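Asker: I am attaching a structure below and will ask some questions about it afterwards.
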Amino acid sequence: MKIILPGQTIGIIGGGQLGRMLAMSAKEMGYKIAILDPSKDACARHFADTFIHADFDNRNGLERLCHISDVVTFEFENIDSDLLAELEKDYHIVQSASLLKTAQHRLLEKEFARSLGIETVDYQYVDEDTTGVQVDGTYLMKTVRFGYDGKGQSRITEASQVQPYTLLERLVPLDKEISVVAYKDRTGIGIVAVVENEHRNNILYRSIVPTTASPEQEAQAIDYTRRILEAADYYGVLTVEFFISQGRVIFNEMAPRVHNSGHITMQSANKSQFRAHIEAICGLEVGPIHNQATTLYNILGQDLSYFLKLIQERPVHLHLYEKEPRQDRKIGHINFPGHIRLEEPFIG
Ligand code: AMP
């Protein structure tokens, strides 16, 4: 695999908080950064040597990014995977456009998981014809593309509620949810962290490391994640989300990139997911990663004053993304040593 060294340029498609933290990590190592984003206010821009203001499907903009970069990565999934596949032929892009295409489509993603012997929830795909669809219980109806943080999802219990081009997933009882943040570098596959995640209104709220899952459940989730990384021509960090339902480990979805739950590794681990990703895509060896007990809380716009007060009262690791604090918008996260639970509600 090609080795990209500090001094050379890493191109990032997407200038949100993931791009920002990737860029910060790469800058620490001495890399140059080029970022493409459709927003002039992209919060990663402060860490870019070159900023390309263009839409994610703008071929000219993407070609320019690829041209000036020694390796190109993405932090954002809703990009044109066919266009990326074309660019992959001419430029150094190592995160597999084909795996991205699978991850972008809930049906393809579930079929892919099943083809690797990975357990998923029961599902049925609904095409344009909704007649004859059986709804025997409670299902989550999800748009097959462009869903995140629970967007494009609704609970249904009757056939009359079924919409075309959706995936109906049986609602399973959740014991807990975990994610495996893993990487593949030129030497093989490794684990950055296994994280337990709590959601509120479908938005990640709190994460902890280590999880309260059993060692067998963690081993199963890690084995499933390895199968995905082994099957894909992929380098970098990849995250897989799992449900633990009535003791069973069930695949939910994968993200071929760094992930919100992995932000905990900025403090829990000897090497963060961002550093691991940069090293893996640059052809370097990531090496073993160890974690210590840590708790992450995401900071939403409405909670900013609470957390600004908190950092004056106790030692913590606050990370703000310099984003406009709007209701329910993720604008930062905070990591605490050990397992803690904050008192609610967060009123500053
Ligand atoms: P998703 O965007 O598909 O990851 O869903 C967001 C959240 O909704 C998940 O993290 C779960 O908390 C919940 N959820 C999604 N699908 C299911 C399901 N089939 N059964 C139970 N809970 C689910």
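Asker: Would you point out the residue of segment 138-187, among those that are within 9 Å of the ligand (Cβ to nearest atom) and assigned to a strand (DSSP E or B), that is nearest to Thr265 (Cα to Cα)?
Answerer: Step by step, filter segment 138-187, then rank; the result is Glu177.
Asker: Also, quick follow-up: Tell me, which residue of segment 59-80 that is in contact with a strand residue (DSSP E or B) (Cβ under 8 Å, 6 or more places away or on another chain) and assigned to a loop (DSSP other than H, G, I, E, B) is nearest to Ser25 (Cα to Cα)?
Answerer: First, pick out the residues of segment 59-80 that are in contact with a strand residue (DSSP E or B) (Cβ under 8 Å, 6 or more places away or on another chain): 61-62, 64-66, 68-77, 79.
So of that shortlist, the ones also assigned to a loop (DSSP other than H, G, I, E, B) come out as 69-70, 75-77, 79.
On the way: Ser69: 17, Asp70: 17, Glu75: 14, Phe76: 17, Glu77: 20, Ile79: 23 Å.
The extreme case among them is Glu75.
Asker: To continue, here is another question. Do the conditions hold for Asp41, that is, is it assigned to a loop (DSSP other than H, G, I, E, B), in contact with a helix residue (DSSP H, G or I) (Cβ under 9 Å, 6 or more places away or on another chain), open to solvent by 50 Å² or more (accessible area, probe 1.4 Å) and not polar (S, T, N, Q)? Talk me through it step by step, then tell me what you get.
Answerer: Details: assigned to a loop (DSSP other than H, G, I, E, B): yes; in contact with a helix residue (DSSP H, G or I) (Cβ under 9 Å, 6 or more places away or on another chain): no; open to solvent by 50 Å² or more (accessible area, probe 1.4 Å): yes; not polar (S, T, N, Q): yes.
So Asp41 fails the test.
Asker: Then there's this: From the list Asn260, Asn291, pick out the single residue that is outside the structural domain of Met29 (by the TED database), out of contact with any Asp or Glu (no Cβ under 6 Å at 6 or more places or on another chain), under 30 Å from Pro345 (Cβ atoms) and within 16 Å of the ligand (Cβ to nearest atom).
Answerer: On the way: Asn291 fails: within 16 Å of the ligand (Cβ to nearest atom).
Being outside the structural domain of Met29 (by the TED database), out of contact with any Asp or Glu (no Cβ under 6 Å at 6 or more places or on another chain), under 30 Å from Pro345 (Cβ atoms) and within 16 Å of the ligand (Cβ to nearest atom) holds for just one of Asn260, Asn291, which is Asn260.
Asker: Having 3 or more residues that are hydrophobic (A, V, I, L, M, F, W, C) is the bar; report the helices (runs of 4 or more DSSP H) wholly within segment 254-348 that clear it.
Answerer: Answer list for segment 254-348: 273-281, 304-310.
Asker: Are any residues in segment 233-263 over 18 Å from Gly14 (Cα atoms), open to solvent by 10 Å² or more (accessible area, probe 1.4 Å) and in contact with a Ser or Thr (Cβ under 6 Å, 6 or more places away or on another chain), and if so, which ones?
Answerer: Asp233, Glu241 - these are the residues of segment 233-263 that are over 18 Å from Gly14 (Cα atoms), open to solvent by 10 Å² or more (accessible area, probe 1.4 Å) and in contact with a Ser or Thr (Cβ under 6 Å, 6 or more places away or on another chain).
Asker: Mind checking whether some residue in segment 168-177 is at pLDDT below 95 and among the charged types (D, E, K, R)?
Answerer: Taking segment 168-177 and keeping what is at pLDDT below 95, we get none.
No, because not a single residue in segment 168-177 is at pLDDT below 95 and among the charged types (D, E, K, R).
Asker: Between Gly236, Gly247, which is at pLDDT 95 or above, away from the ligand (no atom under 16 Å from the Cβ) and not assigned by the TED database to the domain that holds Gly14? Lay out the reasoning, then the answer.
Answerer: On the way: Gly247 fails: away from the ligand (no atom under 16 Å from the Cβ).
None of the other options fit; the residue is Gly236.
Asker: What tally of residues in segment 27-51 results from selecting those that are more than 20 Å from Lys323 (Cβ to Cβ) and either hydrophobic (A, V, I, L, M, F, W, C) or touching a Lys or Arg at 6+ places or on another chain (Cβ under 7 Å) (or both)? Please lay out each step first, then the result.
Answerer: Just the residues of segment 27-51 that are more than 20 Å from Lys323 (Cβ to Cβ), to begin with: 28-32, 34, 49-50.
Still in the list and also either hydrophobic (A, V, I, L, M, F, W, C) or touching a Lys or Arg at 6+ places or on another chain (Cβ under 7 Å) (or both): 29, 34, 49.
Final tally of qualifying residues: 3.
Asker: Take Ala221 and tell me if it is in contact (Cβ under 8 Å) with a residue 12 or more places away in the chain, within 15 Å of the ligand (Cβ to nearest atom), among the small types (Gly, Ala, Ser) and in the same structural domain as Ala280 (by the TED database). Explain how you work it out, then say what you get.
Answerer: Numbers: in contact (Cβ under 8 Å) with a residue 12 or more places away in the chain: yes; within 15 Å of the ligand (Cβ to nearest atom): yes; among the small types (Gly, Ala, Ser): yes; in the same structural domain as Ala280 (by the TED database): yes.
It is true that Ala221 is in contact (Cβ under 8 Å) with a residue 12 or more places away in the chain, within 15 Å of the ligand (Cβ to nearest atom), among the small types (Gly, Ala, Ser) and in the same structural domain as Ala280 (by the TED database).
Asker: For segment 1-20, how many residues meet the condition of being within 18 Å of Glu279 (Cβ to Cβ), open to solvent by less than 10 Å² (accessible area, probe 1.4 Å) and outside any loop (DSSP other than H, G, I, E, B)?
Answerer: Counting residues in segment 1-20 that are within 18 Å of Glu279 (Cβ to Cβ), open to solvent by less than 10 Å² (accessible area, probe 1.4 Å) and outside any loop (DSSP other than H, G, I, E, B) gives 4.
The values are calculated or read from the model by the stated rules, or taken from the named source; none is laboratory data. Predicted, not measured: the structure shown is a model, and the values here were computed from it. A quick note on method: Cβ atoms are made from the backbone with ideal geometry, for glycine too, and the neighbour counts reach across all protein chains shown. Side chains are part of the model used for accessible areas, which takes the heavy atoms of the whole protein and leaves out ligands, DNA and RNA. Shrake-Rupley method; radii C 1.70, N 1.55, O 1.52, S 1.80 Å.
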